[in-house]
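Laboratory data are not the source of any read-out in this text; all were calculated from the coordinates shown. Remember, it's a predicted structure, so these values are computed and weren't measured experimentally. Don't worry about glycine lacking a Cβ; one is built from the backbone with ideal geometry, like all the others, and counts go over all protein chains shown.
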Amino acid sequence: MTIEEQPGFDPRLAWASEGGILLASACPVLVVVDILRFTTAVEVAVTHRARVIPERWVGREVAGLSSLSPMSLLGIPAGTRVTLASPNGATVSLDLAGAGAVVLAGCLRNASAVAAAARDLGGPVGVVAAGERRLDGSLRPAVEDLVGAGAILHALGGRPSPEARAAIAAFLDAAPDLASVLAARISGRELAARGLAGDLRMAAGLDVSQAVPRLSGGVFGQLS
């Protein structure tokens with residue numbers, strides 16, 4: 001075990017695929033957090049009893065039921081299988097599943113529900129903030145993912161690592177006005193400029209969902 005794996009603590013926090021793969025050797029359950037917008041979209045789809053196939057990013061987003069917009073998924077029919085591609089949440093989810101972890105999709109909307117389910121599955125539990133991949137492959141640690149991860153880590157309790165405690169502090173600072181915090185971030189401003197403020201409002205809802213999406217056989221569905 002290496003120091004990057006944060007031995008002796010539960011829960012733990014890591015960033016992106018690289019950090020999550022390190023945690024996978026010590027944490028049997030990993031929660032992926034990509035607030036704007038992959039894991040929020042997955043939560044909305046699974047809440048409506050749809051299933052989501054994550055795919056690695058192919059270069060551009062499309063409209064309709066393959067969109068990452070949570071708003072676009074509100075009317076999705078039960079039983080629908082929808083493919084969502086993203087360079088962040090979808091890619092991280094696939095990488096962590098490949099590392100052998102049980103992968104759950106977490107966001108602000110299902111923070112407490114996914115934390116309770118992760119605890120029931122057994123620990124230690126790792127929370128992986130996806131962040132944002134730039135075009136050159138470098139990582140921007142996204143504040144919204146730090147806040148979302150902090151919400152789940154706060155609900156997990158236990159003995160959080162110093163990295164996890166920093167995320168919890170970020171969440172507690174943002175909690176009084178999550179909508180404004182998300183809207184003020186780089187990703188939030190970009191979405192608003194594209195006319196997607198509704199996605200921001202949905203992403204800011206805290207503990208409004210009991211859905212716990214689990215990646216199994218390459219598909220996110222409700223944890224049974």
Counting only DSSP beta bridges fully inside the chain, the antiparallel percentage to nearest 5 is 35 percent
Summing -39500 (n - 2.57) over every DSSP H run of at least 4 residues in the chain and dividing by its residue count gives a helix-only mean residue ellipticity at 222 nm, to the nearest 500 deg cm²/dmol, of -11500 deg cm²/dmol
Cβ-Cβ cut-off under 14 Å around residue 223, Lys and Arg +1, Asp and Glu -1: the net charge is +2
In the list (i) 22; (ii) 19; (iii) 8, the entry giving percent of Cα pairs over 32 Å apart computed from the coordinates is (iii)
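Take each of the peptides 196-204, 117-125, average the number of other beta-carbon atoms within 10 Å over its residues, and list them starting from the highest.
196-204, 117-125
In the neighborhood of residue 108, defined by Cβ-to-Cβ distances under 15 Å, what is the net charge if each Lys or Arg adds +1 and each Asp or Glu adds -1?
For residues surrounding residue 108, the net value is -4.
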Which residues qualify? For residue 53, with a placed amide H closer than 5 Å and at least 5 residues away or on another chain, they are 82, 83, 84, 220
The Cα extents of region 36-160 along the principal axes, largest first and rounded to whole Å, are 42, 38, 26
Connecting every pair of Cα atoms under 10 Å apart in the chain and solving the GNM, the largest mean-square fluctuation among 89, 205, 131 falls on 205
Checking rank on 75-88, 137-150, 156-169, with mean other Cβ inside 10 Å and highest first, the result is 137-150, 156-169, 75-88
Ordering 175-183, 19-27 by per-residue average of other C-beta atoms within 10 angstrom, highest first, gives 19-27, 175-183
